[in-house]
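Visitor: Sharing a structure below in structure tokens format, with a few things to ask.
The values are calculated or read from the model by the stated rules, or taken from the named source; none is laboratory data. All values derive from a computational prediction rather than experimental measurement. Because the Cβ atoms are built from the backbone with ideal geometry, glycine has one as well, and the counts that use them run over all protein chains shown. Quick note on the areas: whole protein, heavy atoms, side chains included, nothing else; ligands and nucleic acids left out. Shrake-Rupley method; radii C 1.70, N 1.55, O 1.52, S 1.80 Å.
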Amino acid sequence: MKPIPNFPDYFADEEGNIYSQKPKYGKLTKSHHLGIRKMFPYRGNHGYHMVLLRRGKKRKLCSVHRLVLFTFSGLPPKDKPFACHGLNGKTDNNVNNLYWGNRSTNAMDKHRDGTMPCGEKSWLHKLNSTQVRIIRRLYESGKEHGITQQSIADLFGVCQVKVSEIIMRKSWKHLA
């Protein structure tokens, strides 16, 4: 167990647990003793384990994997600012499953784990998978009838470039 840098009274172990030396509620009184207790993280919006740490009067919500990696590996290198998970996934915060990476390695991990939002899971999507399949069929069957990418784009309310990316499988490539 090692103290977490910049957070006095908090500790991390190699298994990915966070511990507190602060009293559980309120101010320290004579009835409280200053024992170390294990904190129980909750799962945040994106599935990562989170804990609320206090430093003076300020509170900070922190991801457990970043705290563990920071405690055992130090500050991230400038070219690798992301705390990434290895093959065991994002709920395993063991120091052996964590490493500093860049945006590219983090994206590759998301693809590997199947957690990269693509298609309808992306908050940017305008089309659904059925519409994408129809666009591809329309283009293939409509070549000889003079149906253009622009006419398909107008039909679905998207730009011609988006239709081209769908047809060329540069976007929605996960769809058969």
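Visitor: Being open to solvent by less than 50 Å² (accessible area, probe 1.4 Å) and either under 20 Å from K170 (Cα atoms) or in contact with a Pro (Cβ under 6 Å, 6 or more places away or on another chain) (or both) is the filter here; which residues of the range 140-150 pass it?
Guide: Start the filter on the range 140-150 by keeping residues that are open to solvent by less than 50 Å² (accessible area, probe 1.4 Å), which leaves 142, 149.
Across the range 140-150, the qualifying residue is only Q149.
Visitor: Determine whether R112 is surrounded by 11 or more Cβ atoms within 10 Å (Cβ to Cβ), of a type outside the set (D, E) and more than 16 Å from Y19 (Cβ to Cβ). Please lay out each step first, then the result.
Guide: Numbers: surrounded by 11 or more Cβ atoms within 10 Å (Cβ to Cβ): yes; of a type outside the set (D, E): yes; more than 16 Å from Y19 (Cβ to Cβ): yes.
Judged against the criteria, R112 is a match.
Visitor: Is it the case that V68 is in contact with a helix residue (DSSP H, G or I) (Cβ under 8 Å, 6 or more places away or on another chain), modelled with pLDDT of 95 or more and within 16 Å of P5 (Cβ to Cβ)? Before you say what the answer is, go through the steps one by one.
Guide: Values: in contact with a helix residue (DSSP H, G or I) (Cβ under 8 Å, 6 or more places away or on another chain): yes; modelled with pLDDT of 95 or more: yes; within 16 Å of P5 (Cβ to Cβ): yes.
When the stated conditions are applied, V68 passes them.
Visitor: Which of the residues spanning the range 66-107 are within 20 Å of E15 (Cα to Cα), open to solvent by 20 Å² or more (accessible area, probe 1.4 Å), out of contact with any Gly (no Cβ under 6 Å at 6 or more places or on another chain) and of a type outside the set (A, V, I, L, M, F, W, C)?
Guide: R66, S73, G74, P76, N88, T91, D92, N96, Y99
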